[in-house]
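None of the figures in this text is laboratory data; all of them are computed from the coordinates on show. Here the structure is a predicted model, which means the values were calculated and not measured. Note that each Cβ is placed from the backbone with ideal geometry, even for glycine, and that neighbours are counted across all protein chains shown.
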Amino acid sequence: MPKAVVPGSFDPMTLGHLDVVTRAAALFDDVVVAVLVNESKQALFSVEERLDMARRSMGCVPNVTVTAFSGLLVDFCAQQRAGAIVKGLRAASDLEFELQMAHMNAHLSGVQTVLLPTNPALSFVSSSLTKEVARFGGDVSGFVSPYVLDRLQRRLAETSEGQAR
Ligand code: PNS
């Protein structure tokens with residue numbers, strides 16, 4: 001299959017994300033990790049920082065590129081000539097919203113969505129929980145790459161409340 005987009009906020013990229021992207025890269029010739037630019041949503045990391053962390057995390061996978069997008073995901077897919085969207089499915093609770101988005105995106109443009117069950121060992125890992133645990137001094141070294149861990153700890157130390165940029 002030619003090309004797929006793996007979209008997300010990636011604030012920051014976790015090992016769960018990395019697992020999904022790596023498996024997508026084994027299924028598709030080309031994979032574009034698409035980092036959402038969403039000015040209305042507070043993020044801990046800027047888009048440039050999220051791109052940098054995603055690129056470093058994905059460095060060793062040759063058919064993966066990382067880029068930012070804004071606006072509708074289906075428009076980005078069309079621009080990239082990607083026929084599929086790949087999302088990770090952590091638990092049954094993810095399914096309802098993922099199905100809703102998959103149907104909406106298929107309705108808007110005909111793009112197909114492939115839902116990949118995440119590695120069960122990482123099924124409870126999310127960017128938001130990782131940030132919350134780290135903010136209160138918990139050990140998140142099993143949830144993110146060493147580079148992201150360092151960036152996360154430094155960002156949280158810089159801003160006592162972990163304020164967004
Ligand atoms: O990592 P997230 O925040 O769960 O990712 C959500 C994302 C980026 C996949 C979703 O918000 C999205 O596709 N946003 C782009 C705007 C859009 O196309 N919205 C309609 C979705 S049906």
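The translational diffusion coefficient of segment 1-94, from Stokes-Einstein at 25 °C and 0.890 mPa s with a Kirkwood hydrodynamic radius over alpha carbon pairs, comes to 183 µm²/s. In summary, the convex hull built on the alpha carbon positions of segment 62-124 has an orientation-averaged projected area of 5.2 nm².
Output the relative contact order of segment 20-159, whole-number percent, from Cα pairs under 8 angstrom with separation of 6+ residues. Please report the intermediate quantities before stating the final value.
Numbers: 128 pairs, mean separation 29.3, N = 140.
This gives 21 percent for segment 20-159.
Counting only residues at least eight positions apart within a chain, or on another chain, the lysines with an alpha carbon under 17 Å from that of K3 are K87. Across segment 1-50 the C-alpha pair distances fall into 10 Å bins from zero in the proportions 25, 48, 24, 4 percent. For the chain, the longest principal axis of the alpha carbon atoms and the long axis of helix 146-158 meet at an angle near 50°. Against the longest alpha carbon principal axis of the chain, how many degrees, from 0 to 90 and to the nearest 10, is the axis of helix 92-109 turned? Long axis of 92-109 versus the principal axis of the chain: about 50 degrees. If you run the Gaussian network model on the chain, springs between alpha carbon atoms under 10 Å, then out of P117, P62, P12 the most flexible one is P62. To the nearest ten degrees, helix 15-27 and the longest principal axis of the Cα atoms of the chain are 20 degrees apart.
Ignoring aspartates and glutamates fewer than eight residues from K41 along the same chain, the ones with Cα atoms less than 18 angstrom from its Cα are D11, E49, E132, E161. For the chain, the pair-distance distribution built from all alpha carbon pairs, in bins 5 Å wide starting at 0, is 2, 9, 18, 21, 22, 16, 9, 4, 1, 0 percent.
From the alpha carbon gyration tensor of segment 76-165, can you work out the equivalent ellipsoid semi-axes (sqrt of 5 times each eigenvalue) and give them in Å, largest to smallest?
Working: eigenvalues 200, 53, 29 Å².
So the equivalent ellipsoid measures 32, 16, 12 Å along its semi-axes.
When only the Cβ of Lys, Arg, Asp and Glu is charged (+1, +1, -1, -1), the dipole of the chain relative to its Cα centre reaches about 160 debye.
Per-residue ellipticity at 222 nm from helix content only, as computed over the chain with -39500 (n - 2.57) for each DSSP H run of at least four residues, stands at -13500 deg cm²/dmol.
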